[in-house]
Amino acid sequence: MTPTARTRTGSTRTGSTRTVQTHCPYCALQCAMDLTVVERPGAPDSFSVDGASFPTNQGRLCRKGNTAAELLTRRHDRLTAPLLRGDDGELHPTTWEAALTHVVTEIRRIQDEHGPDGVGVFGSGGLTNEKTYALGKFARVALGTAQIDYNGRFCMSSASKASTLAFGLDRGLPFPLTDLDAACTVLLLGSNVADTMPPFVQHLEGAQTSGGLIVVDPRRSATAELTADGGGLHIAPAPGGDLILLLSVAQVVLEEGFAAEDYLSRRVTGLDAFRRSVAHWWPERAQAATGVGADQIRLVARRLGHAARAARAGGDPVYILTGRGVEQHKDGTDTARAAISLALLLGLPGSRAGGYGTLTGQGNGQGGREMGQKTDQLPGIRSITDPADRAHMARIWGVDEESLPGPGQPAAQLLHTMGRDGGVKGLLVHGSNVAISAPDAGRVVENLRALDLLVVADFFLSETAEEADVVLPVLQWAEEDGTMTNLEGRVLRRRKLVEPPSSAGPDSGPRSELWIWHELARRLGRPSGFPVDPAEVFAEIRQATAGAAADYSGLDWDLIDAGHAPYWPVPSATLSGEASLTGEPIIGTTRMFLERFAHPDGKARLAAITPGKISAPAPGQLTLTTGRHMEHYQSGTQTRRVPALLDTHPEATVAVHPATALEHGLDDGDQAVIANAQGEMTARVVCDAGIRTDTIFAPFHYAGAGTANRLTQALTDPQSRMAEFKNTPVTLRPAGASRTAPAGVTHDAEPAVTAPSKETRL
Ligand SMILES: Nc1nc2c(c(=O)[nH]1)N[C@H]1C(S)=C(S)[C@@H](COP(=O)(O)OP(=O)(O)OC[C@H]3O[C@@H](n4cnc5c(=O)[nH]c(N)nc54)[C@H](O)[C@@H]3O)O[C@H]1N2
Ligand SMILES: Nc1nc2c(c(=O)[nH]1)N[C@H]1C(S)=C(S)[C@@H](COP(=O)(O)OP(=O)(O)OC[C@H]3O[C@@H](n4cnc5c(=O)[nH]c(N)nc54)[C@H](O)[C@@H]3O)O[C@H]1N2
Ligand code: SF4
Ligand SMILES: [Mo]
């Protein structure tokens, strides 16, 4: 059971010491922390961070959280004044007045020439709810552009689409994270929580010790390693093999009578179509396409089948969870849908027997995907094409419904066409470093340079900001107030502790983004509607989302400030409170779908899933997959500036199986060149006997020649428009060796049956 979490109510002051109760600036686990500043006259402030009691982290923090305050003290590279590119081609400090005047003049010029859609906006799942909401409104109302999308397209879009199709609604974890503590079995696909959310691992301990932790990952990640204790399983498919693997597990579940017949008939539609579509994926057929032995596929199905049967009879629950490893593919939606379908077959979602969840990634990855910065969406997960949703938002925003644009281009398309025919000519970026994190980053950088106007708001000069015409210095984390929605759908308070550093000149210094949009809107002829106070924006979010799927209307700023961290949806009518197991007051919908799913008939949807052609590397090629180190966050703008983190992982690396390294003339510690038709990257080889021999793994955190996204292709999932980040054909050679013909784009062929290395087999 969860220890009681005290309500996290605000700030305390003793002498020159002040502490705020807040949450980590990085990932969606949103670990609670007490952040303290000691103000010393004549000396720089000093900061300390302590993990605090909250159900997701229970006092623990990872190395990133522990060192988060170091970024508050950086002076030499913190952006403190707006920068404007001069005639000499260099960025020079300027005043806000000059910077904003330039931005507005250029926006007007571009829109006069190319229409409102000539200017685009790129947002982020790292922004607070208030900033996300205001950015979506700014794009539609002040710029009048359809061209807004955000980095969550590269993160949560496949799982979000799949959950919406299957359940009618997408909340990453539709249950409290602490429900996992009681699990006997957890199937974790393509997620490396031991590195990406270390305090999360404590919630897997129950499943781990009872031998029920099953991790699916082409390499023996730190999380896969957890299966070594207690008799869990590590299954190592070839990258992209997950879809057929899941369909085959489902085939065995159906064939061997493990399906939850009663639950399926009461709560689910589409079973027959799904059953027909998986019927031919018997394990012996699936093993060639997945790189996983038929015996292992059966073993997974039987373990899940037995555990779920016991759970339905009142035993410990069973969960199926997905991460980016299975979702960031050109068939990521189908793969997430297959995971959900398996959970439905076993009778888990919306029941006490367990459930399905996706592990949201960015700090506000959940709120960020529901406040209207997605190109096809309005706040509350309203649809930008639905007449009733448009009418509601037009009323809230005080504009004509006809003036609201429709959907624009999703992230990859926006970035791959900008600066070219048919693409935007101006782009405003808030909270993303696309020069490093977007697919086919080489093309993205070329396109950034081709724009007439690139405006980047950041607190450091990211690699994307380096390309900008105008850089706007903004507030970071502990310098601003706001709310964030964590991976369980709980709405949390981010609290301001300190003022931003001042700058040398007058009329400069970092400003809040709410202020920036207020000022830009005013200059663009929208003098009202863009408040600078986050509490005021939050009040508008309540109205905007009232009656919508992601309903925040029953919340208010003071309630969240009082530390209740409610779970959405919170329609006004349910604002009554519910006592949790721990006595902590909780408001909102802790467990979703217990009575009904969110489709109009209350039922979840199964449907036929038909995999497309299977791609496999051509002879001589390897599959590159990408991901994360514990010490670096995303494009690394922040964590590459924390010395302790940079020292641990100072440069790009590539994990290569020792046999593969030998075959390619490489040894541990050598510099290698990884290449294909998109580009090349250079990385230091780390020999890893835990990775498949046909697969190599590189983190995407680095700039310059170490940018893994120089290699990723512009392929996207047709349903979610997620990019293919985790299955890229490449060649590998020692740095300095002569170049052989680069690998082309994915070649469609019968898949190579490459057995996982001995170490990765069970
Ligand atoms: N340290 C750190 N933590 C983070 C972040 C960070 O940048 N750094 N980012 C945050 C964000 S935004 C996100 S989205 C989450 C991401 O969190 P995760 O989803 O855990 O992160 P990844 O490392 O991208 O991928 C997870 C695993 O998928 C495996 N994988 C790769 N290809 C495949 C495949 O085809 N199939 C399967 N089954 N597995 C595959 C990789 O080997 C990797 O171990 O982390 C959050 N937390
Ligand atoms: N190859 C490969 N590529 C990937 C992935 C992968 O697994 N493999 N994962 C994808 C995923 S899941 C994600 S989420 C993306 C993330 O990649 P990005 O979108 O690049 O995310 P960050 O590196 O977090 O970039 C955030 C930038 O915004 C700044 N920033 C932080 N907070 C704020 C704020 O409040 N306002 C403003 N204006 N700026 C702020 C930071 O300093 C930083 O420069 O990368 C994607 N790219
Ligand atoms: S796990 Fe995520 S939220 Fe927790 S301390 Fe680490 S980066 Fe911060
Ligand atoms: Mo992400």
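Dividing the convex hull volume of the alpha carbon atoms of the range 435-479 by its residue count, what do you get in Å³ per residue?
63
Please give the charge dipole size of the chain, origin at the Cα centre, charges +1 on K and R Cβ atoms and -1 on D and E Cβ atoms. Round to the nearest 20 debye.
In total the dipole reaches around 1140 debye.
Run the simple label-point estimate for Ala539 and Asp556 please: 7 Å along Cα→C-beta, distance reported in nm.
1.0
Quote the relative contact order of the range 5-72 in percent (integer), defining contacts as alpha-carbon pairs under 8 Å separated by 6+ residues.
Reported as a whole number, the value is 26 percent.
Sorted by packing (mean other beta-carbon atoms within 10 Å per residue), highest first, where do 705-716, 329-340 land?
329-340, 705-716
Assuming 0.36 nm per residue, please report the length gained on full extension of the stretch Ser53 to Asp386 beyond their Cα-Cα distance.
In short, 115.7 nm is gained.
By average Cβ neighbour count within 10 Å, what is the ranking of 432-438, 301-307 from highest down?
Result, highest mean first: 432-438, 301-307.
Could you rank the peptides 170-177, 239-246, 191-198 by their average count of other C-beta atoms within 10 Å per residue, with the highest value first?
Order by mean packing, descending: 239-246, 170-177, 191-198.
Measure out, as a whole number of angstrom, how far apart the alpha-carbon centroids of the range 28-62 and the range 439-470 sit.
32
Using a 1.4 Å probe and counting only protein heavy atoms, arrange Arg140, Arg449, Arg443 so the residue with the most accessible area comes first.
Accessible-area ranking of Arg140, Arg449, Arg443, largest first: Arg449, Arg443, Arg140.
What is the calculated FRET efficiency for Ala607 to Ser265, with r their C-beta to C-beta distance and R₀ = 22 Å, to the nearest 0.05?
Between Ala607 and Ser265 the formula returns 0.85.
Given H placed on each backbone N at 1.01 Å, which residues far from Thr653 in sequence or on other chains put an amide H within less than 5 Å of it?
Arg684
Counting DSSP beta bridges in the range 157-363, what percent are antiparallel, to the nearest 5?
DSSP beta bridges in the range 157-363 are roughly 5 percent antiparallel.
Can you tell me the accessible area per residue over the range 5-72, all protein chains present, probe 1.4 angstrom, in square angstrom?
Result: 39 Å² of accessible area for each residue.
Full-extension gain between Arg63 and Glu401, please, as 0.36 nm times their residue separation minus the C-alpha to C-alpha distance.
116.9 nm
When the chain is fully extended, how far beyond the present Cα-Cα distance does Ala504 get from Asp376, taking 0.36 nm per residue of separation?
41.9 nm
Report the Rg/Rh value for the range 67-131, based on alpha-carbon coordinates and the Kirkwood definition of Rh.
That ratio is 1.07, to two decimals.
Could you please put Glu536, Glu370 in sequence from largest to smallest accessible area, using a 1.4 Å probe?
Glu536, Glu370
Would you kindly calculate the translational diffusion coefficient of the chain, applying Stokes-Einstein with the Kirkwood radius from alpha carbon pairs, for 25 °C and a viscosity of 0.890 mPa s, and quote it in µm² s⁻¹ without decimals?
D = 93 µm²/s.
At 1.4 Å probe size, with every protein chain present, just tell me what the per residue accessible area of the range 157-363 comes to in Å².
Value returned for the range 157-363: 26 Å² of accessible area per residue.
For the range 5-72, compute the orientation-averaged projected area of the C-alpha convex hull (one quarter of its surface), in nm².
Mean orientational projected area (the range 5-72, Cα hull): 4.6 nm².
Could you tell me the distance between the Cα centroids of the range 99-170 and the range 189-205, to the nearest Å?
31
Among Phe274, His416, Ala616, pick out the residue whose Cα is farthest towards the positive end of the charge dipole of the chain, where Lys and Arg carry +1 and Asp and Glu carry -1 on C-beta, about the Cα centre.
The residue sitting most towards the positive pole is Phe274.
Treating the beta-carbon of each Lys and Arg as +1 and of each Asp and Glu as -1, no other charges, what is the dipole magnitude of the range 5-72 about its Cα centre, to the nearest 20 debye?
Around 160 debye, computed over the range 5-72.
To the nearest 10 square angstrom, how much accessible area does Glu479 have with a 1.4 angstrom probe?
Its accessible surface works out to 10 Å², give or take rounding.
Just the number please: accessible area per residue for the range 449-520, 1.4 Å probe, all protein chains included, in Å².
25
So if I take the centroid of the Cα atoms in the range 476-524 and the same for the range 316-380, what is the distance between those two points in Å?
So the two Cα centres are separated by 30 Å.
If eta is 1.002 mPa s and T is 20 °C, what Stokes-Einstein diffusion coefficient results for the range 1-136, Kirkwood Rh from Cα pairs, in µm²/s?
Calculated translational D: 114 µm²/s.
Can you tell me the relative contact order of the chain? Whole percent, Cα pairs under 8 Å, sequence separation 6 or more.
Dividing the mean separation by the residue count of the chain yields 18 percent.
Rounded to a whole number, what % of the accessible area of the chain do carbon and sulfur atoms account for, probe 1.4 Å?
51
The values are calculated or read from the model by the stated rules, or taken from the named source; none is laboratory data. In this text, all values refer to a predicted model and were calculated from it rather than measured experimentally. Cβ sites come from the backbone with ideal geometry, for glycine too, and all protein chains shown count toward neighbours. Note: areas computed on protein heavy atoms with side chains; ligands, DNA, RNA excluded. Shrake-Rupley method; radii C 1.70, N 1.55, O 1.52, S 1.80 Å.
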